[in-house]
Amino acid sequence: MTESLTRILIVDDANIERMKLKGYLGKRGFEIIEAANGAEGVDQYIKQHPDLILMDVNMPVMNGYDAIRQIRLQESKMMTPILILTADDDLVAIDQAFEAGANDFFPKPINYPLLHKRIRYALRDAARERELMRITGLQETARILAGLAFWEVDMKTQEMRWSDDASDLLHWIDELPNSFESGMQIIHPDDRQRMIRIFEDAAKTGAKFELEVRSPAQKQDHILKIVGQHNIAQGLFVGAIQDVSSQRRLEHQVNYLAFHDATTGLPNRKLFLRDLEESIELSTRNKSQVIVGVIELIRFQQITETYGVDVADQLLINLVSQLRSEQLPNTFIARMDGGVFVWRTLLDTDNNDERISAEINWWLAQLNRSWMLGDRETYLTFTAGVAIGPRHSSSASELLGMAHRTQRLQKPTANVTLGFYTDSKDDGLQSRLQMESDLRMAVTEKQFYLVYQPQIDLSSDRVVGVEALLRWRHPQGESVPPFRFIPILEEMGLISELGDWILEEACRQQVEWTTEGYPLRMGVNLSPIQFDQADLPAQIQAIVIKTAIVPQQLELEITESLAMHNPEATIETLHQLREMGFKIAIDDFGIGFSSLEYLLRFPIDTLKIDRAFVKDITRGRSDRAIVRALTSLCQGLGLTTIAEGVETQRQRDYIDALGATEIQGYLISPPLEPKALINLIKNL
């Protein structure tokens, strides 16, 4: 504590003593407050809250002992250091002073330099005590927030003791166990022996332990995290216990959704490739065949736009049900995206191509039936492609790519058109090369343009931001979907050059809108290749200076998978960008592998909840639970939450009720060009 800011209360009925102390201590930077008796001292303490008190003992009106007691009654905890001024041999007075609440004593007559040192030590000790109390308070708050309770077991008596709040934590247990043996009874029988063995090992070695066990309850088991250690010196086992049931259920739901399609419940691409890799290894050992197929529902996007998301989703569910009803043996089905499905079938080597073709055609023939789209009956068209491993490739991704290219090259000639991969099918590579050539020309001739999808604040119903999205208008007049050309741009290494243009154009547009009276937050996606550039912060800063955009109006978005690719490097880069004034958003959150630990460490402003959770939020309790958990977490961290892919009013109502901050999606508007966006804002 700086002495120039330190206030000392001197309580002494002797005016000359107060004058001496005030003169000496005042010259050393202390602010002095005086009181002529104990009553005045208490009054001055209440009014002035001094940092230290020098208290005489024998005074009129109220003596020093009573004054100390009154001061301590004003404090919730003994914080203010009080030094008693007394005679050298007045031991009784010293004892009484300590009993009243004094911290120290100093003999009279006063040695002023020595008193100065004693005051400095007392102030230092008081500061340490306050800091210790602050840290202890933080720890207690953290313990309460984490839902922790404490326990101990006496190794001799086997008696078990609990902290006061343990009964609230273990609310499903009628009476807390009072012995180690009864403590084991609250643990699931299948976990009990594991718990006992860990205790026995810790008792011998003194090692710390940490484990999770189940505790039976009426509706469902609770999951308890138990940590502890054998305190050999005290003969005690001490530890903490925490109910982590909610966290584990949420982690299970998130992990399930990370590997499964939310609409159909099928495995997604990640899980399919993992299974395919294992199947190829198995086929190599068993000398069997792995049949990989891709099937696509033609015009699925048009069906979605015409009949709506709900009808399209129900159609996908019906398709899956049909495919599974007479599924080929040893077949694993997954959904890629849109109307694209993949499957893997294991067959013996004695199945020739003709037989394989006959079996697959028989299986897919069940799709040749009428389907209901709302109240309308119709027939659907499919194209399918098949590749065989390890004949065509022993790589899971290559094999899937071969089947996918074969499927895309099929021209529909029937209800289901099936093709098998051959080397000649890779003539489709020529189309790929043509696409690359066209893209190089597009970058040179600036055939790309940006559209902007509005983001609405749910509390004010106003457009507060936009997300900039890239579009390509081919010279032949067609608009090429981003999912077709962006991956190729990344593979060609052109995305960085184009990324700089996107960022500059978006910044320029934001400044233009601000000048016109529409200061919208501009969200721009950073590609993985851009983000890996060592000079990314400097490049962005140069664009900001060039366009004169206010850094706080630019929100840089990275995907969750990109953030977790190298989390430590990501955190460092994001800190640099945040220090430059930019807002940071995590896009597509919830479909990757983020841990809450890293989410807390990432310096972000916005978390964008992926459309996969929004799509079924009106029907799926698990989706609502996850969205509620994310929005609650973000509220606690002071983050903005934007729900993506909101397409119906019911979805918006649910999202609003679950606590999201903003939404974007086709309910509000598809991505728009600049003038159309401003017209939308004017008409809202």
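Consider region 469-481 and keep the residues that are part of a strand (DSSP E or B) and without any contact (Cβ under 8 Å) to a residue 12 or more places away in the chain. The one that is nearest to P674 (Cα to Cα) is S479. Could you tell me whether L328 is within 35 Å of the chain's Cα centre (by Cα) and either hydrophobic (A, V, I, L, M, F, W, C) or assigned by TED's automatic domain parsing to the domain that holds I617 (or both)? Answer is no for this residue.
Tallying residues that are closer than 19 Å to P487 by Cβ and outside any strand (DSSP E or B) within region 509-532 yields 7. Which of the numbered conditions does R405 fail, given that it passes all the others? Conditions: (1) crowded, with 19+ Cβ neighbours inside 10 Å; (2) in contact (Cβ under 8 Å) with a residue 24 or more places away in the chain. All conditions pass for R405, except number (2). Among the residues of region 495-518, is any surrounded by fewer than 18 Cβ atoms within 10 Å (Cβ to Cβ), in contact (Cβ under 8 Å) with a residue 24 or more places away in the chain and at positive phi? No, region 495-518 contains no residue that is surrounded by fewer than 18 Cβ atoms within 10 Å (Cβ to Cβ), in contact (Cβ under 8 Å) with a residue 24 or more places away in the chain and at positive phi. In the set I241, I280, which member is within 32 Å of the chain's Cα centre (by Cα), crowded, with 19+ Cβ neighbours inside 10 Å and either assigned by TED's automatic domain parsing to the domain that holds H188 or over 30 Å from Q651 (Cα atoms) (or both)? Result of the check over I241, I280: I241. Each residue in region 369-389 was checked for being in contact (Cβ under 8 Å) with a residue 60 or more places away in the chain, outside any strand (DSSP E or B) and farther than 24 Å from G419 by Cα, and 1 of them qualify.
Scanning region 67-83 for residues that are modelled with pLDDT of 90 or more and touching a Gly at 6+ places or on another chain (Cβ under 6 Å) turns up A67, I68.
Being surrounded by 16 or more Cβ atoms within 10 Å (Cβ to Cβ) and either among the basic types (K, R) or part of a loop (DSSP other than H, G, I, E, B) (or both) is a description that applies to L328. One residue stands out among those in region 23-52 that are more than 22 Å from A97 (Cβ to Cβ) and free of Cβ contacts under 8 Å to residues at least 24 places away in the same chain: the one that is nearest to the chain's Cα centre (by Cα), which is K47.
For region 253-311, give me each residue that is touching a Phe, Trp or Tyr at 6+ places or on another chain (Cβ under 7 Å) and among the polar types (S, T, N, Q). Within region 253-311, N268 is the sole residue that qualifies.
Please determine whether any residue of region 535-554 is touching a residue at least 60 places away in the same chain (Cβ under 8 Å) and part of a loop (DSSP other than H, G, I, E, B). No, there is no match, as no residue in region 535-554 is touching a residue at least 60 places away in the same chain (Cβ under 8 Å) and part of a loop (DSSP other than H, G, I, E, B).
Based on this model, can you work out whether F259 counts as hydrophobic (A, V, I, L, M, F, W, C), surrounded by 15 or more Cβ atoms within 10 Å (Cβ to Cβ) and assigned by TED's automatic domain parsing to the domain that holds D154? Judged against the criteria, F259 is not a match. A Cβ distance below 8 Å, combined with a sequence gap of six or more or placement on separate chains, defines the contacts here; from region 655-676, residues that are without any contact (Cβ under 8 Å) to a residue 24 or more places away in the chain reach residues that are in a helix (DSSP H, G or I) and crowded, with 18+ Cβ neighbours inside 10 Å in the pairs L667/Q651; L667/R652.
The rows are residues; the columns are (1) out of contact with any helix residue (DSSP H, G or I) (no Cβ under 6 Å at 6 or more places or on another chain); (2) exposed (fewer than 14 other Cβ atoms within 10 Å of the Cβ); (3) touching a residue at least 40 places away in the same chain (Cβ under 8 Å); (4) not in a loop (DSSP other than H, G, I, E, B).
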site: M441; (1), (2), (3), (4): yes, yes, no, yes
site: T444; (1), (2), (3), (4): yes, yes, no, yes
site: L450; (1), (2), (3), (4): no, no, yes, yes
site: I456; (1), (2), (3), (4): yes, no, yes, yes
site: V464; (1), (2), (3), (4): yes, no, yes, yes
site: E467; (1), (2), (3), (4): yes, no, yes, yes
site: F483; (1), (2), (3), (4): yes, yes, no, yes
site: P487; (1), (2), (3), (4): yes, yes, no, yes
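Tell me whether region 102-116 contains one or more residues that are in the same structural domain as I16 (by TED's automatic domain parsing), buried (at least 18 other Cβ atoms within 10 Å of the Cβ), free of Cβ contacts under 8 Å to residues at least 60 places away in the same chain and not aliphatic (A, V, I, L, M). Yes. When E251 is tested against (1) in contact (Cβ under 8 Å) with a residue 12 or more places away in the chain; (2) outside the structural domain of M336 (by TED's automatic domain parsing); (3) in a helix (DSSP H, G or I); (4) surrounded by fewer than 18 Cβ atoms within 10 Å (Cβ to Cβ), just one condition goes unmet, and that condition is (1). Across region 617-626, what is the number of residues that are farther than 14 Å from G665 by Cβ and in contact with a helix residue (DSSP H, G or I) (Cβ under 8 Å, 6 or more places away or on another chain)? So the answer is 5.
Scanning region 347-354 finds no residues that are outside the structural domain of D623 (by TED's automatic domain parsing), assigned to a loop (DSSP other than H, G, I, E, B) and within 41 Å of the chain's Cα centre (by Cα).
Which fully enclosed helices (runs of 4 or more DSSP H) of region 158-221 have 2 or more residues being surrounded by 14 or more Cβ atoms within 10 Å (Cβ to Cβ) and over 29 Å from the mean Cα position of the chain (by Cα)?
Result: 180-184, 189-205.
Checked across region 69-79, the condition of being crowded, with 18+ Cβ neighbours inside 10 Å and in contact with a strand residue (DSSP E or B) (Cβ under 6 Å, 6 or more places away or on another chain) holds for no residue.
Listed by position, the helices (runs of 4 or more DSSP H) inside region 1-93 whose residues that are under 25 Å from L132 (Cα atoms) number at least 1 are 38-48, 64-74.
Restricting A87, A35, A93, A100 to those that are modelled with pLDDT of 90 or more and of a type in the set (G, A, S) reduces the list to A35.
The values are calculated or read from the model by the stated rules, or taken from the named source; none is laboratory data. Model, not experiment: these values are computed from the prediction. Note: ideal-geometry Cβ built from the backbone for every residue, glycine included; neighbour counts use all protein chains shown.
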